[in-house]
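What follows is a set of notes on a single structure, which appears directly below.
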Amino acid sequence: MRAKPAHDSAATTRIVGIGASAGGLVALEQFLGQTPQNSGLAYVVVQHLDPTQKALLPELLQRVTAMPVREAEQDTRIEPDCVYVIPPNTELRVLDGALRLARPAEPRGQRLPVNVLFSSLASEQGERAIAVLLSGMGSDGTLGLQAIKAVGGLTVVQDPESAQFDSMPKSAIAAGCADIVAPPAELPARIRAYVARVGDPDIPRRDDQATSTARTMPLQQVLRLLRQRTGHDFSLYKPSTLHRRVERRMVIYGIPSLALYADLLERNVQEVDLLFKELLIGVTSFFRDPAVWEHLAQTALPELLRRRTTEPSLRAWVIGCSTGEEAYSLAMIFSEVVERLPQPHEFTLQIFASDLSPDAIASARRGIYPRAISAQVSPDRLTRFFSAHESHYQVNPGIRGMVLFAQHDVVLDPPFTKLDLIACRNLLIYFGPQLQRKLLPLLHYSLRRGGLLLLGGAETVGPFHSLFAPIESRQRLYRRQDQIPIGANFLLNSFPPLSSKSKEHRVSPPNDRPPLADSLQTAADHVLLQVYAPAAVVLNGDGDIVYISGHTGKYLEPAAGKASWNIFAMAREGLRGPLVGALKHAATRSEPLHLHHVEVATPAGVQLVDVTVQAFHEPAALRGMTMIVFRDLALAPTGGRRRKPKGAGAVRQAAELQQYRDEVESLREEARASREELQSANEELQSTNEELQSTNEELMTSKEEMQSMNEELQTINAELHTKLDDLALAQSDMQNVLNSIEIAILFLDQNLNVRRYTDRAATIINLRERDIGRPLSELTTRLRYPDLLDDARKTLRTLAFSEKQILADDGRWFSVRIMPYRRLDNVIDGVVITLVDITETKKLEAALRQQPNP
């Protein structure tokens, strides 16, 4: 994300970029037809045009709008309430408040001019940018809308149902970068409502104290609902960012006040989720800001590897990774750097990529991206690091294995540590100063000695120059400063860095003390349970321990690895096997199940234990739970050896034999159930395979139909080109005929605006080519005919012819005839004014009058 230019944006016209392709003319006419003449916005239109043909788009659009429509020219300053149209065979950008034209670098058929315009708008206007995507085929415009959404601009998309070709609108909607979706005729009003509600981001609000309080209290309610629903606290984000994002949602719903929107959130949890996604700026791209990645590849990473002489394993953290493009970019750059090393090496890189959004993390893990990334990734990298499919690219396993994605809140969760590189780009700009002051020391703590910190183009380390030294200030790359004292309470103060943390209030003791007898009884019961009662545990239905009574260390011990409270993981050797069968049998009976003389391996040796297993069906609080009670058996030594009770060996062997039989039977039942499940799964897979084969056949049929349709469309396109050539020839013939006669003719439309005129008419009425569409009332003429406009209106109203002889300023006389303009379908569509020079006739008439009568 680039910073906005240094010039005064407040004095710059706010621009609406409009992109369209096939079927876009109708949508543009509907859009501009509903756009007011004095909206204060400028409109820049990019349409996919034939590069070999002269464009008629400005003339066609001028018919439906009172705003001047001009073809874009190099370095033209953008003015409000004007429409600028891209010329054929060019790319149109906005830079420093002016239009910039350039020849396309890509061959015909691979050009994406809408992306070019929208991306330049994102860089030029930032949050002030507004982009409209209309009908068209392909996916042009989606990446540009993502860029505008990333900087906080407004993205507007035509409803696919109203589009003649819905591929471009659907691509943008599927990418999640459409703020407003509506038919073209409704979009201007939605944009005006947004501009009126949200205002210009570069013009600070001047709210009085009452207004500020009225805005703050509902906003705190909104933040509380977000915290309750998502567990994330946005209270330390920049207030301007929060207000702007919330107001965007309010405009979409047409809600006039923040308090009413807070009430909507109380009733609608889905809107809370949508607002949460709105606050997460989940937009990124591969190798964004190429100069940064070039510096990493050529300078920063090779230098980091040269300084690593002992530990070849490097660790990096990409914070706010969104859908993974930046993390994968880092993995590709590292792979290219280590390939250029002159000697064998063992360097590896583990990238931790984190984001708040679970949807973004899931998408990043899949590593699937649209074909449009070919505009961001070079063909060589696409070949080396991606596998190409018909509709998408997928990251290769080698690059995918370098990145570990995790849902993580950098504000609340503990950080990854012992890192060599942290990429925290375009995240700090959304945090308030207090949160930035807490986060930057945390990043310093997470880095190893000499580690690198990469920030976004609009971010700096602020007052923490003692923690980070700039390596390349223009690229926002810093190195960790070592031996900087941070303080012993740093981590305690950093988690969680919330503006307000819920605390439990201390409960005051009651005034009346319980009787001494009750206290004595409670204490005695506690001692009896903990000291003299046998050890016992209570399990839930999954076998996890939920309550422990007495000392169970003889029978249970924590298992190595991940912490677990499961009884089977914690049971000591000799106890686990008997418990498996006992728990299954106890669940089917109401009376306790006893296991006698179970040999348990304890740290002090083998211990004989009687085990009682009781499944609870009553009371309700214990329903579904099981209690296991352990009782040690006393051992009597005889001649240094243990003497077992009479018949104990036979009883124990019989019990063990029964347990083994039960376990074998249980395993048989489990195996039988598994076979049935596998058979059912196999049948489902076979059914799915048949469905997929059928779908594949349908897709092949659809592909053939699409190819046939494409050929038909090409034929129709060729026919239309032929008709256009015939029409152009006929128009040329008519123009030559009109210019060859000695009669001046002026054609006006129903609004008495100039539609067409002959060359001779331009010598009488001051007309130029750019006066097409100009009202008759604004034209000056050599005729002494002040009632010309009134007579034209009368003819249009009454359909009656008007003919007068009018004297011109140069002494010439003209016969001015006004008649209705009647189309071939017998519809009156304006008037025609003919001017015939009758000067010679007037002179002859005057001479005849001067001759004496015979």
(message) With the requirement that a residue be touching a strand residue (DSSP E or B) at 6+ places or on another chain (Cβ under 8 Å), under 20 Å from residue 451 (Cβ atoms) and open to solvent by 30 Å² or more (accessible area, probe 1.4 Å), what does segment 403-439 give you?
(response) 404, 416, 418, 427
(request) Out of the residues in segment 326-346 that are open to solvent by 20 Å² or more (accessible area, probe 1.4 Å) and of a type in the set (Asp, Glu), state the one that is modelled with the highest pLDDT. (result) 336
(message) All but one of (1) open to solvent by 10 Å² or more (accessible area, probe 1.4 Å); (2) among the aliphatic types (A, V, I, L, M); (3) in contact with a Ser or Thr (Cβ under 7 Å, 6 or more places away or on another chain) hold for residue 364; state the number of the condition that does not hold.
(response) (1)
(request) Only residues that are part of a loop (DSSP other than H, G, I, E, B) and surrounded by 15 or more Cβ atoms within 10 Å (Cβ to Cβ): list them for segment 51-62, please. (result) 55
(request) Answer yes or no as to whether residue 835 is among the aliphatic types (A, V, I, L, M) and either touching a helix residue (DSSP H, G or I) at 6+ places or on another chain (Cβ under 7 Å) or closer than 17 Å to residue 756 by Cα (or both). (result) yes
(message) Just the residues that are open to solvent by 80 Å² or more (accessible area, probe 1.4 Å) and at pLDDT 60 or above, please, taken from segment 626-664.
(response) 631, 634, 653, 657, 658, 660, 661
(request) Can you give me the number of residues within segment 179-192 that are among the small types (Gly, Ala, Ser) and in contact (Cβ under 8 Å) with a residue 40 or more places away in the chain? (result) 2
(request) Check segment 451-472 and report whether any residue there is more than 28 Å from the chain's Cα centre (by Cα), aliphatic (A, V, I, L, M) and surrounded by fewer than 14 Cβ atoms within 10 Å (Cβ to Cβ). (result) yes
(message) What pairs come out if I take residues in segment 607-629 that are touching a residue at least 40 places away in the same chain (Cβ under 8 Å) and pair them with residues that are part of a loop (DSSP other than H, G, I, E, B) and open to solvent by less than 20 Å² (accessible area, probe 1.4 Å) whose C-beta lies under 7 Å away, six or more apart or interchain?
(response) 609/555
(request) Among what's in segment 588-603 and is touching a strand residue (DSSP E or B) at 6+ places or on another chain (Cβ under 6 Å), farther than 12 Å from residue 632 by Cα and not hydrophobic (A, V, I, L, M, F, W, C), pick the residue that is least open to solvent (accessible area, probe 1.4 Å). (result) 592
(request) Counting only residues that are more than 24 Å from residue 338 (Cα to Cα), give me the strands (runs of 3 or more DSSP E) lying completely in segment 399-469 with at least 1 of them. (result) 403-407
(request) Please determine, by comparing only the residues of segment 149-174 that are among the aliphatic types (A, V, I, L, M) and touching a residue at least 40 places away in the same chain (Cβ under 8 Å), which one is farthest from residue 15 (Cα to Cα). (result) 163
(request) Return only the number of the condition from (1) in contact with a Ser or Thr (Cβ under 9 Å, 6 or more places away or on another chain); (2) at negative phi that residue 452 does not satisfy. (result) (1)
(request) Mind telling me which of the residues 30, 47, 62, 34 ends up being more than 21 Å from residue 157 (Cα to Cα) and at pLDDT 85 or above? (result) 62
(message) So, residue 816, is that one assigned to a strand (DSSP E or B), open to solvent by less than 40 Å² (accessible area, probe 1.4 Å) and closer than 25 Å to residue 62 by Cβ or not?
(response) no
(request) Read through the list (1) closer than 27 Å to residue 149 by Cβ; (2) open to solvent by 10 Å² or more (accessible area, probe 1.4 Å); (3) more than 17 Å from the chain's Cα centre (by Cα), then give the number of the only condition that residue 351 fails. (result) (2)
(request) Just give me the residues in segment 181-206 being of a type in the set (D, E, K, R), open to solvent by 70 Å² or more (accessible area, probe 1.4 Å) and at pLDDT below 80, in sequence order. (result) 197, 205, 206
(request) State whether the residues of segment 372-387 include one that is polar (S, T, N, Q) and in contact with a strand residue (DSSP E or B) (Cβ under 6 Å, 6 or more places away or on another chain). (result) yes
(message) Considering only residues that are in contact with a Leu (Cβ under 9 Å, 6 or more places away or on another chain) and open to solvent by 50 Å² or more (accessible area, probe 1.4 Å), which ones fall in segment 385-401?
(response) 388
(message) Quick check on segment 296-303. Is at least one of its residues part of a loop (DSSP other than H, G, I, E, B) and more than 25 Å from residue 375 (Cβ to Cβ)?
(response) no
(message) Anything in segment 306-325 that is open to solvent by less than 10 Å² (accessible area, probe 1.4 Å) and either part of a strand (DSSP E or B) or touching a Gly at 6+ places or on another chain (Cβ under 6 Å) (or both)? List them, or say none.
(response) 314, 316, 317, 318, 319, 322
(request) Return a yes/no flag: does segment 370-384 have any residue that is open to solvent by less than 70 Å² (accessible area, probe 1.4 Å), on the phi < 0 side of the Ramachandran plot, without any contact (Cβ under 8 Å) to a residue 40 or more places away in the chain and not in a helix (DSSP H, G or I). (result) yes
(request) Scan segment 729-785 for residues that are assigned to a helix (DSSP H, G or I), among the small types (Gly, Ala, Ser) and surrounded by 12 or more Cβ atoms within 10 Å (Cβ to Cβ) and jot them down. (result) 761, 762
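The values are calculated or read from the model by the stated rules, or taken from the named source; none is laboratory data. Note that this is a predicted model, so its numbers are computed, not measured. So basically every Cβ, Gly included, is an ideal-geometry build from the backbone, and we count neighbours across all protein chains shown. Surface accessibility is based on the protein's heavy atoms, side chains included, excluding ligands, DNA and RNA. Shrake-Rupley method; radii C 1.70, N 1.55, O 1.52, S 1.80 Å.
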